[in-house]
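Asks: Take this structure first; my questions come after.
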Amino acid sequence: MKIKNFKLKLLLSYLFVILISFGFMAFFLDKNLEENSLQNIKSSLIAQGLLIENQISQDSLQKADVASLEPLAKSLALKAKCRITIIDTQGKVLADSDKQEIEISVMENHLTRPEVKMALNGSIGIDTRYSPTLKINMFYIALPLKEKNKITGVLRLALTLESVQETLFAIRKTVFLGLLFALVLAFILGSIVANMVVGPINRMIQMSRKFSEGDFSRRVTGFANDEIGELAVTLNQMAEDIENKIREIKTQNQKFSAIFNSMIEGVIITDKTGYIVSVNPAIEKIFAVSKIDAEGKLFLEAIRNNDIAETISNTLENGKSLSKELVLIYPVRRIFEANAVPIFDNKEISGCLVVIHDITEIRRLETVRQDFVANVSHELKTPLTSIKGFVETLLEGALDDKENSRSFLKIIQDHTERLNSLVDDLLSLSCFESKEATIDRESLNLQKLLEVILSGFKSQLKKKGIEVKNELTGSVTINADKNKIEHLFINLIDNAIKFNKENGTIRIYTEELDGKIKIIIEDSGAGIPAKDIPRIFERFYRVDKARSRELGGTGLGLSIVKHIVELHKGSAGVESIEGLGSKFWFILPK
Ligand code: ADP
């Protein structure tokens, strides 16, 4: 059976070691003690025998005087505390301290006893055996009794081995008790030591379990300054390092996801087989997919766009960055640029990163710029061609024709004025569009300002018989740039007159909004077709180009209005019903 518990193993090994060492000790001690005790008994019996032998009279011995030998044996036995037997050279027992006189005569001849044999041979006889007479184990010493070097008998001293056995038993008992005590003590101390050893190990195991669950906040405590302690310190250090690393990674991840999630550009990350690993919220918006649905799917399964799918597979195949322009029609037409970059891990392609920029605005601005250049060139070309034509005509002789030359010069003047106002409008526009454009705010009373502006239009109004209703009150004040607001009013009123019918009306009034003011210029002109309304504030956009030119318009007036309003953080718009008139409005913060 395998013992799985380390603490039990440790404890059992303690007990085993103690058991083994005690066993050996007890074995050798027992053996040694037994030998020593027998040796001691032997020496003391010999010494006693040598002392006693002189007290046995040779006379009684030779006469086999049992009557005198018997009490002597008994009294000597009493003093020497052992059994004393006196035997003659023929092996006949003459006296025995443990037997009565009558018993002696029937006692067996002792000549065959090994110790007696040895004594009769002149040496000290020793033997240990079971005494059939006394029915116990006995230790015998036999000394030859001599007279003038002639052996006259044998003095035998015998001791039961019981006392030796008793001593040995007592010692064995002590050793056994000692062993028991040592085992109990070993068990208690062993338990304490095992706890001391196993405690930190158990805590380390618990800590490692927590590690595997991702909790690195635990630390091992209460360890000694030994190898296990060193292991605990290393483990604690490791936990701290990992915790710090995880914290670092978490912070980096947070930063990464903050960037990833807030990017305007759409980002798709795929693995090397083209499965989507991650997409950011911008992608969710562009392709109307949810992150949860897209992640883990093949690109084409999640996003049905062949152009991007092709770009991804080409990038993964060739390991080279690719860029592609794509047009998405639904829900609105937008142009995107997809840049696919391979992701390398140890020089092996491990995935693909696709960044998708919305370049609709860039493309629109490019078109606007191209259109603008084309428009400006066109607008300049028309008056310049006219001027050139009339100047050439004049130079070719028309100058002498007084009547015509005057009208030609008048036409040239008109075109020059148009060129001038075109350049003025272009300059104003570029000024308002530039990033450095600033506004010098001041408190403006709109009613007063409008009065001054309208007085400038007096003759124009009179010519067309148009009536202007200035419904602004003295309380209408705003904080704005006076020159720019003036410019704005002039453009709108100029249009309201130009595109108005004869004897029409213009009404200028306000509507109060929350913290803002809405100013409306309403005319009774031809109005604007619904299809043109969304583009009316664009540069050079005109409903009727020829008419506008004829009226001296540049097509930039409303564009300038829009810029001025936007500079003041406001908004502008138009409501119009074709044939009934238009309501141009702008809202400014008070
Ligand atoms: P223009 O120099 O031609 O007036 P604008 O930018 O001021 O240029 O106006 C652009 C076009 O918007 C005009 O050509 C005209 O077709 C239309 N428009 C502007 N104001 C009015 C109005 N009050 N009524 C009808 N059409 C207007």
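Asks: From GLY229, GLY266, grab the single residue that is open to solvent by less than 100 Å² (accessible area, probe 1.4 Å), touching a residue at least 12 places away in the same chain (Cβ under 8 Å) and farther than 26 Å from GLY214 by Cα.
Replies: None of the others qualify; the one that does is GLY266.
Asks: Which of the residues that make up region 130-149 are touching a helix residue (DSSP H, G or I) at 6+ places or on another chain (Cβ under 8 Å) and closer than 21 Å to ALA47 by Cα?
Replies: Listed by number, the residues that qualify are PHE139, TYR140, ILE141, ALA142, LEU143, PRO144, LEU145, GLU147.
Asks: I'd like the full set of residues that are part of a helix (DSSP H, G or I) and either in contact with a Phe, Trp or Tyr (Cβ under 8 Å, 6 or more places away or on another chain) or away from the ligand (no atom under 16 Å from the Cβ) (or both), limited to region 416-442.
Replies: Within region 416-442, THR416, CYS431 qualify.
So that you can scan it fast, the table gives a plain yes or no per residue for (1) at pLDDT below 90; (2) more than 12 Å from the chain's Cα centre (by Cα):
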site	(1), (2)
PHE216	yes, no
ASP226	yes, yes
THR251	no, no
GLN254	no, no
ILE259	no, yes
SER262	no, yes
ILE269	no, yes
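Asks: So is LEU449 aliphatic (A, V, I, L, M), within 16 Å of the ligand (Cβ to nearest atom), assigned by TED's automatic domain parsing to the domain that holds SER559 and surrounded by 14 or more Cβ atoms within 10 Å (Cβ to Cβ) or not?
Replies: Judged against the criteria, LEU449 is not a match.
Residue by residue, here is whether (1) among the charged types (D, E, K, R); (2) touching a His at 6+ places or on another chain (Cβ under 7 Å); (3) at pLDDT 95 or above; (4) over 23 Å from ILE359 (Cα atoms) holds:
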residue	(1), (2), (3), (4)
ILE276	no, no, yes, yes
ILE283	no, no, no, no
ALA288	no, no, no, no
ASP293	yes, no, no, yes
ARG304	yes, no, no, no
ASP307	yes, no, no, no
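Asks: Turning to a different aspect of this structure: Check THR273 against each of (1) under 25 Å from the mean Cα position of the chain (by Cα); (2) within 19 Å of PRO342 (Cβ to Cβ); (3) open to solvent by 60 Å² or more (accessible area, probe 1.4 Å) and name the one condition it does not meet.
Replies: The single condition THR273 does not satisfy is (1).
Asks: In addition: What number of residues within region 109-124 are surrounded by 15 or more Cβ atoms within 10 Å (Cβ to Cβ) and either over 18 Å from SER43 (Cα atoms) or touching a Leu at 6+ places or on another chain (Cβ under 8 Å) (or both)?
Replies: Count: 7.
Asks: Do we have any residue at all in region 311-327 that's surrounded by fewer than 16 Cβ atoms within 10 Å (Cβ to Cβ), over 34 Å from the mean Cα position of the chain (by Cα) and either within 22 Å of SER257 (Cβ to Cβ) or of a type in the set (Ser, Thr, Tyr) (or both)?
Replies: Scanning region 311-327, I find at least one residue that is surrounded by fewer than 16 Cβ atoms within 10 Å (Cβ to Cβ), over 34 Å from the mean Cα position of the chain (by Cα) and either within 22 Å of SER257 (Cβ to Cβ) or of a type in the set (Ser, Thr, Tyr) (or both), so the answer is yes.
Asks: Surrounded by 14 or more Cβ atoms within 10 Å (Cβ to Cβ) and in the same structural domain as LEU143 (by TED's automatic domain parsing): does that describe LEU78?
Replies: The answer is no for LEU78.
Asks: Has region 236-248 got at least one residue that is open to solvent by 70 Å² or more (accessible area, probe 1.4 Å) and either over 21 Å from the mean Cα position of the chain (by Cα) or closer than 23 Å to HIS357 by Cβ (or both)?
Replies: Among the residues of region 236-248, not one is open to solvent by 70 Å² or more (accessible area, probe 1.4 Å) and either over 21 Å from the mean Cα position of the chain (by Cα) or closer than 23 Å to HIS357 by Cβ (or both), which makes the answer no.
The values are calculated or read from the model by the stated rules, or taken from the named source; none is laboratory data. Computed from a prediction, not measured in an experiment: that's the story for all the values here. Note: ideal-geometry Cβ built from the backbone for every residue, glycine included; neighbour counts use all protein chains shown. Protein only, heavy atoms only, side chains kept; ligands, DNA and RNA dropped before computing areas. Shrake-Rupley method; radii C 1.70, N 1.55, O 1.52, S 1.80 Å.
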